[in-house]
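Trainee: Input: one structure, supplied below.
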Amino acid sequence: MPKTQVICPKESRKAGEITFKPIPINQYKSDYKKEEKKYGTARLVKMYYDMLVIREFETMLNQIKVQGSYQGMEYNHPGPAHLSIGQEAAAVGQSVHLDTDDYIFGSHRSHGEIMAKCLSAISKLDDGKLTTIMEEFFDGATLNAVKDGSHENVKDLAEDFILYGTLAEIFARDTGINRGLGGSMHAFFIPFGSMPNNALVGGSADISVGSAMNKLINRKPGIVIANIGDASMGCGPVFEGIWMAAMDQYVELWDKEFGHPPVLINIMNNQYGMGGQTVGETMSYKFAARIGAGINSNQMHAERVDGYNPLAVADATERQKKILLDGQGPALLDVITYRMSGHSPSDASSYRSKEEMELWEEADCVRAFGEYLISNGAITEADAEAMKTKITSKVIKAMKLATDESVSPYSDINLIETVMYSNGKVEKFDDREPELLEKLEDNARVKKLKRKQRYAYDADGKPYKANQLYTFRDGIFEAMAHRFTTDPTMIAYGEENRDWGGAFACYNGLTELLPYHRLFNSPISEGAIVGTACGYALSGGRVCVELMYCDFMGRAGDEIFNQISKWQSMSAGILKMPLVLRVSIGNKYGAQHSQDWTAMVNHIPGLKVYYPATTNDAKGMLNLALAGTDPVIFLESQKTYGVGELFEKGGVPEGYFETEEGEPAVRTQGKDLTLVTLGPVLYSGMKVVDEMKEKYGMDVELIDLRFVNPLNYDKIVESVKKTGRIVLASDAVERGSAMHNIAANITNLCFDYLDAPPVVIGAKNWISPAAEMETDYFPQASWIIDAVHERIVPLPGHVVEHNYTNGEIQRIARLGV
Amino acid sequence: MATEILLPRQGQSVESCIIIEWKVNEGDVVTEGQTLCEVETDKATFEVEATASGTVLGIFYPADSDVEVLKVIAAIGEPGEDVSALRPADEEAPVAAVPVVVEEQVKTAPVVATAEAGKTTGISPRAKTLAVQKGVDTSTLAGTGPNGRVIERDVSTAQAVTPTAQAKAAAEGLAIPSAGTGMGGRVISADLVSVAPEAIGAAVALLDFPGNATEIPVKGVRKVVAGRMLASLQNTAQLTLNTSADARSVLGYRSKCKAAPEEAGVGGISINDVVLYATVKTLAEFPELNAHYLGSKIVNFGNIHLGFAVDTPRGLMVPVIRYANLMTLKQLSAETKRLAMACIEGMIEPDALSGGTFTVTNLGAAGIESFTPVLNAPEVGILGVCAIQPKPVMNGAEIEFIPHMGLSFTFDHCAADGAPAARFLVSLKTKLAAFELTLAG
């Protein structure tokens, strides 16, 4: 909604028609003379060699899975092996024109792509660089396993390095390329441009787009390819990612130098999604290349390519790469191929006919390309046999080493704990000057904030008026502005992040401060908002994205639960995830806009979960999150955006400061009851403090949790040892609330000190009602007191409004409400 | 193949141990070194550790079993392994079925009770802890928590009465006053108020007869002590001589030790240490008392291995200071402390509880003026040390009150006669009365 773009009814209502350009299908024409001239015989033969390597590597895995042995060596591999036998030409052809700066992301079926990309990189890198890469990778742990002095040269060694490193990874060995924590479906090797492969169908699409955004915004060389299957076109987040890459604003609103993110959506079209046949059964496009036509006027430069001819794929990838580097992306290729192996070893091929499989075997891309080279005199039959013999011996060697526990010990299970978080502190991910449109001190909001009261009460203890206050949203603004002016790689986006100033006015003023490429609006694509941020962060850059309502996390489920949370640990700490996901928790807007889902993110290993309730913490905790290297779910309640600072008497500091991670804050001291609150319930808690004192003479110790994970229990334990009584309250529905988790831990830690079981107060286990009825739905101060009376210590003369009896616990559980 | 867990031999003389408590259940996953159970010999308590990691497949003796050492008491292995071959033939209880059933009953009982009666009379963990500290019998309290639960405030406002006072009040029909003079206002026996004589009958009639009583099985240390004491009295001709020693020198020396600079390392030397030291020096002159009477023969020992009685939560223990005759006072003091502490903590090695040639038992701190120590047979002598009290002594025409330490010496007339026993006491008195000379010599 930029004001510079006018939507004119005359234009909008004008008659006309949309025209499409024809979409090329398999237009590549083989011409050996031309090909030899372009590539040289040696490069053509190397392509064949690479295809043979992949074929033998996967044949070995297939035999291990199916027969339990390969070349007389027995081995049991209980994990997955999704093979791509038959797809070698598509993988090798793609990598021919790629450099190490060009990234490929892939799927669960990407062994071949890893091999193709790494073998291509090995042939392009000089020996010195190759040696350094191998020696520095995990301090030479992988290299030392294969280096035995037998190698002809560095490239020969590097080939064994990647064959062994990948196999050791598949077999969960500590010497694998991700120390055995990634495994078959997640392995990757960044130094050669092979980026994370993803076990979620289509999972790599939006991550690749984010990685391409990182290249675009930080002006890094290279393109990014998302290798995803034909069936992934059925996944919403794939389309979300495509929209994210195709947005008009890159050319309409951003500085002219940028263009679109250089990303190629490369559909490895093997005709099946597991057993579902995409053409004729589960999809309708007939040609996946058709999809490009629906995205933008250049139709994503989409075409179908014969993926059984490596030179056709190389040609198409080369042309797309040029288009992408020219800022004309995103591009799309529909690479026709066929998986001769099953989806997995358990696949009985009940969904396809023997005849069909025989047809493709006759067309086998590896054999066909070998015959092409022989018939054109590039190699002899004997050369081909010699190559196969050499490759088989390399694969045997890799397997021997990878299954030898003395060389390749299993990865230590305790390693995982150490890589769940990187716990880093990074001021900036690049040294260049952060790009700003104005000096921070000249920013209108910055000037306005100078006049605000950073503590809510005047010297006489009288509260300032709302419009005089420095509020929670100002704390968010200051933390964002600080990191934007410190780290040049820091970007922020989401729905309504720019001109609107964020749906809740936290970003007012940032539009004036920042160029488009650092703060922009995204499509309504929650999956891709988080997914692209994941790709941006793991490619080395800081990003803060936003979901306007916590309820919308449902739209970004995979990206939050499987992607941003897992990549640091699945990469054995190679990847960092400096990503803050700001999530606003609503109310008054009914059942799909009022949910606190802290429990869900608390449940997922690998996420940090912060939930500030005060203005001081809004700034201090966001500063902390934006300086770290871990994915932080940063929850903010819309109930608190307008509050001033009620606790820090010195007011919210004007300078930079960080809240200590994992530390709850004791807001009032008391000896009779510990009340732990999360988020805005802090303010109901303050009412409880007053009422318990006035009516019942009881002193309540009020603790603002602030952090759900990580969490230091010391202060809570100390408090409970003193009071013997604890209530934990949050706005989340009571069933499965994260507070139950904390209550259970407190029961363990303080059992002998408890005078009653910990009591958890939450919202009703229902949909949230209309705004007018919310006080009967969200926890109120009176509910907390009722619960104390019913479950902890009867209060003289107290009349309950709310039923907190044991019978009620059983009743609502029985009914599931 | 599952790993057998043997009941280890704890000291040479130990033939069997009582399993006090299992810390694991069948089916639990344990790691090597983890405590499996606590066992008790006649002298001390030990923990049996897992010698392998895995799942506890079998627990072959329930708690409270008396098990011969080196028997297989449990097996650890992979789930599903058959351990029936490892099960000892004499095993007491079938496959730990007993603890499992008990546990299930415990689990389901409160739920049923709640549902049926609609009122629990539970007690909060915090209240329970406080009750123990305060000595409050929570069974007498009416809980004011939710559903009648006894909570902290019920205990903190409850009247604390010592168990002795409670028993006395019940037995004698005495009234319990609202506040007592014991620690923290606890009502002690002295605080009990007599009920008017004519009201006693009525007061007693209201009480359950005979009131609270607890059955404690005689086992472990208690059982051993009981057996030995009875055997001692049945099998020896013991008698006790009483006297007292001028304690001024001992008290003076003790004050000097206390006042000495810390680096001297003598601040910890107690009166008991001094008495032990003087005893060792005296015994050296009376080898016939540093002896064992074995019926057909008497063994006189060339060295003095001095036993001393220690009061522990588990009962009386007598650790032995080996080669006490070779030690300086400082060494003797340190060794005494180490052994006493080990006994109190239940960590004493069984071998340190045997082999004594003479024993000293000290009830002085309790104000005992004289008593008849029971011989730790087959030892021939045991010295009882009593309280230090002023004693009038004629000094010319004047009467002077001089602090004296009571000494009660029991000896076995089978092995020694009264005269040498008396001479032993005279020599000991001299050594105590001029302790610094004793120390010098």
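Trainee: Are any residues in the stretch A:641-689 closer than 28 Å to A:Met548 by Cα and either in a strand (DSSP E or B) or among the β-branched types (Val, Ile, Thr) (or both), and if so, which ones?
Mentor: Those that are closer than 28 Å to A:Met548 by Cα and either in a strand (DSSP E or B) or among the β-branched types (Val, Ile, Thr) (or both): A:Val643, A:Val652, A:Thr659, A:Ala665, A:Val676, A:Thr677, A:Val681.
Trainee: Might you check whether a residue that is surrounded by 17 or more Cβ atoms within 10 Å (Cβ to Cβ) and small (Gly, Ala, Ser) occurs anywhere in the stretch B:388-405?
Mentor: No - not one qualifying residue is present in the stretch B:388-405.
Trainee: OK, next. If you go through the stretch B:358-370 one residue at a time, how many are touching a residue at least 40 places away in the same chain (Cβ under 8 Å) and out of contact with any helix residue (DSSP H, G or I) (no Cβ under 7 Å at 6 or more places or on another chain)?
Mentor: Residues of the stretch B:358-370 that are touching a residue at least 40 places away in the same chain (Cβ under 8 Å), as a first pass: B:358-362, B:364, B:370.
Retained after the next criterion (residues that are out of contact with any helix residue (DSSP H, G or I) (no Cβ under 7 Å at 6 or more places or on another chain)): B:359, B:361, B:364, B:370.
Of the residues in that region, 4 qualify.
Trainee: A further question follows. Among the residues that make up the stretch A:652-673, is at least one of them modelled with pLDDT of 95 or more, surrounded by 17 or more Cβ atoms within 10 Å (Cβ to Cβ), closer than 21 Å to A:Tyr804 by Cβ and of a type outside the set (Gly, Ala, Ser)?
Mentor: Looking through the stretch A:652-673, at least one residue is modelled with pLDDT of 95 or more, surrounded by 17 or more Cβ atoms within 10 Å (Cβ to Cβ), closer than 21 Å to A:Tyr804 by Cβ and of a type outside the set (Gly, Ala, Ser).
Trainee: Which of (1) crowded, with 24+ Cβ neighbours inside 10 Å; (2) assigned to a helix (DSSP H, G or I); (3) small (Gly, Ala, Ser) does A:Ser594 not meet, given it meets every other one?
Mentor: (2)
Trainee: Restricting attention to the stretch A:529-560, which residues are touching a residue at least 40 places away in the same chain (Cβ under 8 Å), assigned to a helix (DSSP H, G or I) and aromatic (Phe, Trp, Tyr)?
Mentor: Within the stretch A:529-560, just A:Tyr536 meets the criteria.
Trainee: Quick check, is B:Val150 under 21 Å from A:Cys750 (Cα atoms), out of contact with any strand residue (DSSP E or B) (no Cβ under 8 Å at 6 or more places or on another chain) and surrounded by 21 or more Cβ atoms within 10 Å (Cβ to Cβ)? Break it down into steps so the answer makes sense when it comes.
Mentor: On the way: under 21 Å from A:Cys750 (Cα atoms): yes; out of contact with any strand residue (DSSP E or B) (no Cβ under 8 Å at 6 or more places or on another chain): no; surrounded by 21 or more Cβ atoms within 10 Å (Cβ to Cβ): yes.
So B:Val150 fails the test.
Trainee: State the number of residues belonging to the stretch B:126-159 that are of a type in the set (A, V, I, L, M, F, W, C), in a helix (DSSP H, G or I) and within 7 Å of another protein chain (Cβ to nearest Cβ). Step through it out loud before you land on a result.
Mentor: Let us first name the residues in the stretch B:126-159 that are of a type in the set (A, V, I, L, M, F, W, C), namely B:127, B:130-132, B:136, B:141-142, B:150-151, B:155, B:158.
Subsequent filtering for residues that are in a helix (DSSP H, G or I) retains B:127, B:130-132, B:155.
Adding the requirement that they be within 7 Å of another protein chain (Cβ to nearest Cβ) leaves B:127.
Counting residues in the stretch B:126-159 that are of a type in the set (A, V, I, L, M, F, W, C), in a helix (DSSP H, G or I) and within 7 Å of another protein chain (Cβ to nearest Cβ) gives 1.
Trainee: Next up: Name the single residue that is modelled with the lowest pLDDT among those in the stretch A:44-77 being closer than 20 Å to A:Ile162 by Cβ and in contact with a strand residue (DSSP E or B) (Cβ under 6 Å, 6 or more places away or on another chain).
Mentor: Selected residue: A:Ile64.
Trainee: Which of the residues belonging to the stretch A:623-640 are assigned to a strand (DSSP E or B) and more than 21 Å from the chain's Cα centre (by Cα)?
Mentor: A:Ser637
Trainee: Related question: Based on what the data block shows, is A:Ile64 outside any loop (DSSP other than H, G, I, E, B), more than 20 Å from A:Tyr308 (Cα to Cα) and in the same structural domain as A:Ser375 (by TED's automatic domain parsing)?
Mentor: Numbers: outside any loop (DSSP other than H, G, I, E, B): yes; more than 20 Å from A:Tyr308 (Cα to Cα): yes; in the same structural domain as A:Ser375 (by TED's automatic domain parsing): yes.
So A:Ile64 passes the test.
Trainee: Residues being surrounded by 24 or more Cβ atoms within 10 Å (Cβ to Cβ) and of a type in the set (A, V, I, L, M): count how many of those fall in the stretch A:234-268.
Mentor: First, the residues of the stretch A:234-268 that are surrounded by 24 or more Cβ atoms within 10 Å (Cβ to Cβ): A:237-238, A:240-242, A:244-245, A:260-268.
Those still in the list that are of a type in the set (A, V, I, L, M) too: A:238, A:242, A:244-245, A:263-265, A:267-268.
Residues in the stretch A:234-268 being surrounded by 24 or more Cβ atoms within 10 Å (Cβ to Cβ) and of a type in the set (A, V, I, L, M): 9 in total.
Trainee: Of these, B:Ser244, B:Ser249, which one is modelled with pLDDT of 80 or more, under 30 Å from the mean Cα position of the chain (by Cα) and crowded, with 17+ Cβ neighbours inside 10 Å? So that I can check it myself, show each step before the final result.
Mentor: Details: B:Ser249 fails: under 30 Å from the mean Cα position of the chain (by Cα).
Just one listed residue meets the conditions, B:Ser244.
Trainee: A further question follows. Quick one: would you say A:Ile396 is in the same structural domain as A:Leu181 (by TED's automatic domain parsing), of a type outside the set (Ser, Thr, Tyr) and more than 21 Å from A:Asp617 (Cβ to Cβ)? Can you show your working first?
Mentor: Details: in the same structural domain as A:Leu181 (by TED's automatic domain parsing): yes; of a type outside the set (Ser, Thr, Tyr): yes; more than 21 Å from A:Asp617 (Cβ to Cβ): yes.
So A:Ile396 fits the description; yes.
Trainee: Regarding the stretch A:730-748, can at least one residue be identified that is under 30 Å from A:Pro605 (Cα atoms), among the acidic types (Asp, Glu), surrounded by 24 or more Cβ atoms within 10 Å (Cβ to Cβ) and modelled with pLDDT of 95 or more?
Mentor: Within the stretch A:730-748 (the criterion being under 30 Å from A:Pro605 (Cα atoms), among the acidic types (Asp, Glu), surrounded by 24 or more Cβ atoms within 10 Å (Cβ to Cβ) and modelled with pLDDT of 95 or more), the answer is yes, since at least one residue qualifies.
Trainee: Could you say whether any residue in the stretch A:180-202 is over 27 Å from A:Thr418 (Cα atoms) and in contact with a strand residue (DSSP E or B) (Cβ under 7 Å, 6 or more places away or on another chain)? Spell out the reasoning first.
Mentor: Within the stretch A:180-202, the subset over 27 Å from A:Thr418 (Cα atoms) is A:201-202.
Keeping just the survivors that are in contact with a strand residue (DSSP E or B) (Cβ under 7 Å, 6 or more places away or on another chain) gives A:201-202.
Checked against the condition, which is being over 27 Å from A:Thr418 (Cα atoms) and in contact with a strand residue (DSSP E or B) (Cβ under 7 Å, 6 or more places away or on another chain), the stretch A:180-202 yields at least one hit.
Trainee: For the stretch B:168-184, enumerate the residues that are part of a helix (DSSP H, G or I) and surrounded by 13 or more Cβ atoms within 10 Å (Cβ to Cβ). First the steps, then the outcome.
Mentor: Taking the stretch B:168-184 as the starting set, the residues that turn out to be part of a helix (DSSP H, G or I) are B:168-172, B:183-184.
Across the stretch B:168-184, the qualifying residues are B:Lys168, B:Ala169, B:Ala170, B:Ala171, B:Glu172.
The values are calculated or read from the model by the stated rules, or taken from the named source; none is laboratory data. These numbers were taken from a predicted model, which means no experiment stands behind them. Glycine also receives a Cβ, built like all others from the backbone with ideal geometry; neighbour counts cover every protein chain displayed.
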